[in-house]
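Please read the structure below before turning to the comments.
The values are calculated or read from the model by the stated rules, or taken from the named source; none is laboratory data. Quick caveat, the model's predicted, so the values are computed rather than measured. Virtual Cβ from ideal backbone geometry, glycine too; neighbours counted across all protein chains shown.
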Amino acid sequence: MESLRRPEVLGANVTVPYKETVLPFLDELDPLAREVGAVNTIVRQGDRLVAIIPMLRASYMRSARTAASIPGQASGVAGSRGCGASGKLCPS
């Protein structure tokens, strides 16, 4: 993890099974990452390692727009880990 703090490193992708176990080694969690309890992207901001979930953020925003544009419709994300575990964050 310390090698991610080198100036030439911009960030890293996190895959299963490390999406949850990497959390204690990070300096900051995006609010969605904190809520979900898992991450898929680490970005270096200065000397800090910050966890984000860009795919979830995009999916959530797209779901919110779609659900809002179709009266009586709801949307969600299904799954048991990572972004899938975040279904409770999607509008209904």
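Scanning the stretch 1-30 for residues that are in a loop (DSSP other than H, G, I, E, B), loosely packed, with under 13 Cβ neighbours inside 10 Å, more than 14 Å from the chain's Cα centre (by Cα) and not basic (Lys, Arg) yields a total of 5. Would it be correct to say that residue 33 is surrounded by 14 or more Cβ atoms within 10 Å (Cβ to Cβ) and either basic (Lys, Arg) or modelled with pLDDT of 80 or more (or both)? Considered against the rule, which asks whether it is surrounded by 14 or more Cβ atoms within 10 Å (Cβ to Cβ) and either basic (Lys, Arg) or modelled with pLDDT of 80 or more (or both), residue 33 comes out as yes. For the stretch 33-48, taking the residues that are closer than 16 Å to residue 1 by Cβ and β-branched (Val, Ile, Thr), the one that is farthest from the chain's Cα centre (by Cα) is identified as 43. May I ask you to verify whether residue 64 is modelled with pLDDT under 85 and within 13 Å of the chain's Cα centre (by Cα)? Here the answer is no, as residue 64 does not meet what is asked.
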